[in-house]
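The values are calculated or read from the model by the stated rules, or taken from the named source; none is laboratory data. A quick note: this is a predicted structure, and the numbers were derived from the prediction, not measured. Backbone-built Cβ (ideal geometry, glycine too); neighbour counts: all protein chains shown.
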There are 2 protein chains.
Amino acid sequence: MSKRTKESRRPPAKIADVARLAGVSVATVSRTLARPEVVSEETRNRVLAAVRDTSYTPNISARNLRVRKTMVVLVAVPNIANPFFAEILQGIDDTLSAAGYGLVIANLAGPPEKEARYVDLVCAGQADGVLLLCGHVIRSRDRDLRDAHVPLVGACEYIPGASFPQVCIDNVGAAREAVRHLIKLGHTSIAYLSGPQSTILERQRLEGYKQALKEAGIAAAGGLIISGDFTFRTGVEAGRALLALSPEVRPTALFAANDEMAIGLIKTLQSGGLRIPHDLSVVGFDGIPYADYCEPTLTTIVQPRRELGASAAAELIALMTTEKSAVRKDIELPATLILRDSTCPPSARNRN
Amino acid sequence: MSKRTKESRRPPAKIADVARLAGVSVATVSRTLARPEVVSEETRNRVLAAVRDTSYTPNISARNLRVRKTMVVLVAVPNIANPFFAEILQGIDDTLSAAGYGLVIANLAGPPEKEARYVDLVCAGQADGVLLLCGHVIRSRDRDLRDAHVPLVGACEYIPGASFPQVCIDNVGAAREAVRHLIKLGHTSIAYLSGPQSTILERQRLEGYKQALKEAGIAAAGGLIISGDFTFRTGVEAGRALLALSPEVRPTALFAANDEMAIGLIKTLQSGGLRIPHDLSVVGFDGIPYADYCEPTLTTIVQPRRELGASAAAELIALMTTEKSAVRKDIELPATLILRDSTCPPSARNRN
DNA sequence: CGATCCTATGTAATCGATTACATGAACCTG
DNA sequence: CAGGTTCATGTAATCGATTACATAGGATCG
């Protein structure tokens, strides 16, 4: 009886159609859908049947107009093509779309005027919330964004003085752990391949590196810091630089601020004749899928990417739905060092 | 004079505010924004100034409600985490967002009920168009999607009988070209590492492989086809299978249906002691960034990913904006074989 | 039994834009 | 100068929901 044949003509059913079919007013239909407990069981059944028969779905534009929400959140991501962010996005998407939100992805890798367009969109109140996957945006349009008065949550890159909640791992601690691992293996000459100096992420990982060296009583010789920018290319360049060094002065281990650079470095070193980890131990950071595919597989700090995205999204939802923000707490997720094949004790011939 | 200090209070300006400030009716404001040429120069200036002073932006929900559009397109993608799709998405995003559309990304890698939710959303008229990056969805909800009467464009995977325009490369031709390259180098024993048998993509690449062998008069021995599913893991498995073969019967070259498998295969072969390309030439398909990073760099068919995404998006925009579809043409984009280091003539010891 | 309260439902205002139609001024034109 | 155009603008209906307020009928109670 409830199984009608296709009645579906071109224009989608509207609430008035359902009301007519059920013999009630539009208000009752709306109530039935929003708060089923306030209508009598009998009407409820009639309405729900009518909803089914007309395959009615509320028009979101109309609803959003009325309740003054957009059900859209803006996600600012440095670069979608980066597998690290791709997985964070999945976590965000899972959580947000389950709660009925759509997400507009602002890919900052695109032309810069696009970034401006996105910020404007937010300021114009066309998004209910913003998720920042990097400190980038906030620095340029700080004020605009702030007094647009839109809930905001940050993830991945922890910004110390920020006025909004953030979801991150302990970058300093994780970097320290990575370097401690190398020290425990017996390495004393440990280089660091940095990220772009302008990011907070970079400063924190550098800090962790320094702390580990310091607590082990190893002097952080300045020359052991090689500067990179998170790209494969700079990993390759760092590799060339290391190859140019004579074996006696070459470090026996290296901590890279992310996996992509670590992999570029390893490739370059290998084609220059070095054996990894025998001649140089390498530990990376992030735990991108490829780190487990390369040869040798990469020892690295793996970040809980999906969870990072999911809890940032959950936090934002809380902010958006709660009356006047009271949430405001930072969340720190655990990152773990995964031991694979790119590290081993320094070989005898490299010891001094 | 136009540079006012911040007047921005909580509620965003609405069209009535602008009208009041400019001393005109709301209709005139709307017209000024939509078709500036129909209002007198003098009013136009007054209105535009008022727009600036109030930093007015039309409320999209209200507009969409009125004009019965959503300005949203749904993009169904097999897996965002896959770098191949990530770049296509960028092309789509560039084009679509420049035209003012938002995109909802339906990541089919997620839980299957999410896929259903997305299809429902489209059927409920909450999207103006759909972009399919794989044949997957269409096959399961074919009818629903069709009579939802929403403009649809396919990309990447060409579906022969489809009733909607598609933007693809010539998969058969490209695969044939890849294999021809191996043949030209002198190989006569060429294996094929397939994609998932259920996809049309796979059948087309297999077809190209067969055509190339046939035109060279090489019998396609059945045993040379190894089945995979586009993942790194099956590349590894294929590598193990090849290692198990004695060198005399082992093929001297292999064409993989995508790069990820090719890379998995190469890694495995290398750790099994084979030298690539010396002992086995490999050509891949897709041209993902990593193909240029691995060791040796991968000879592969590179697909114009960004353009693929951009023209699919452009085609969809045409469909959505044109009165009653008249567009309906498939677009074929060129894919090119890029020669890198994973292929060379068969070595003497492997010849028979 | 009349006052009071509750429950279930209906009526109509509202969200903020777009746009068909109405209006009125200015300008021709014969 | 009556009547017809054209041009710029205003009035008000409309898109499709949500929800404050009104109302009617029934239960409860002193």
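Computed quantities for the displayed model
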read-out	value
Matching option when the condition is surrounded by fewer than 24 Cβ atoms within 10 Å (Cβ to Cβ), over 25 Å from the mean Cα position of the chain (by Cα) and small (Gly, Ala, Ser), among A:Ala253, A:Ala191, A:Ala241	A:Ala241
Filtered residues of the range B:109-134 (kept if away from chain A (no Cβ under 11 Å) and surrounded by fewer than 18 Cβ atoms within 10 Å (Cβ to Cβ))	B:Pro112, B:Ala116
Test: residue in the range A:241-255 that is in contact (Cβ under 8 Å) with a residue 24 or more places away in the chain, part of a helix (DSSP H, G or I), over 15 Å from A:Ser189 (Cβ atoms) and out of contact with any Phe, Trp or Tyr (no Cβ under 9 Å at 6 or more places or on another chain)	yes
Residue satisfying condition, being within 11 Å of chain B (Cβ to nearest Cβ), at positive phi and either of a type in the set (Ser, Thr, Tyr) or away from DNA strand D (no atom under 16 Å from the Cβ) (or both), within set A:Ser55, A:Ser61	A:Ser55
Lone qualifier among A:Leu108, A:Leu89 - being more than 12 Å from DNA strand D (Cβ to nearest atom) and at pLDDT 90 or above	A:Leu89
Cross-chain or 6+ apart pairs with Cβ under 8 Å, the range B:81-104 first and farther than 15 Å from B:Glu315 by Cα and facing another protein chain (nearest Cβ under 7 Å), then of a type in the set (Asp, Glu) and in a helix (DSSP H, G or I)	B:Ala81/A:Glu87
Options A:Ala318, A:Ala291: the member that is surrounded by fewer than 19 Cβ atoms within 10 Å (Cβ to Cβ) and at negative phi	A:Ala318
Single match in B:Arg52, B:Arg4, B:Arg9, B:Arg31 (criterion: modelled with pLDDT of 95 or more, among the basic types (Lys, Arg) and more than 7 Å from DNA strand C (Cβ to nearest atom))	B:Arg52
Residue within the range B:212-234 that is modelled with pLDDT under 95 and of a type in the set (Lys, Arg) present	yes
Restricting the range B:60-100 to residues that are within 11 Å of DNA strand C (Cβ to nearest atom) and surrounded by fewer than 20 Cβ atoms within 10 Å (Cβ to Cβ), the residue that is nearest to the chain's Cα centre (by Cα)	B:Lys69
Within the range A:270-285, considering residues that are crowded, with 24+ Cβ neighbours inside 10 Å and either within 14 Å of chain B (Cβ to nearest Cβ) or within 22 Å of the chain's Cα centre (by Cα) (or both), the one nearest to A:Ala86 (Cα to Cα)	A:Phe285
Checking B:Glu157 against (1) within 13 Å of another protein chain (Cβ to nearest Cβ); (2) in contact with a Leu (Cβ under 6 Å, 6 or more places away or on another chain); (3) over 30 Å from A:Tyr118 (Cβ atoms), the condition it does not meet	(1)
Close pairs from the range A:19-31: first in the same structural domain as A:Ala49 (by TED's automatic domain parsing), partner among the hydroxyl-bearing types (Ser, Thr, Tyr) and within 11 Å of DNA strand D (Cβ to nearest atom), Cβ under 6 Å, at least 6 apart	A:Ala19/A:Ser25
Number of positions in the range B:286-307 that are within 29 Å of B:Gly129 (Cα to Cα), within 14 Å of another protein chain (Cβ to nearest Cβ) and assigned to a helix (DSSP H, G or I)	2
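Condition check ((1) away from DNA strand D (no atom under 13 Å from the Cβ); (2) of a type outside the set (A, V, I, L, M, F, W, C); (3) in a helix (DSSP H, G or I)) across all residues:
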position	(1), (2), (3)
B:Pro12	yes, yes, no
B:Ala16	no, no, yes
B:Val24	no, no, no
B:Thr28	no, yes, yes
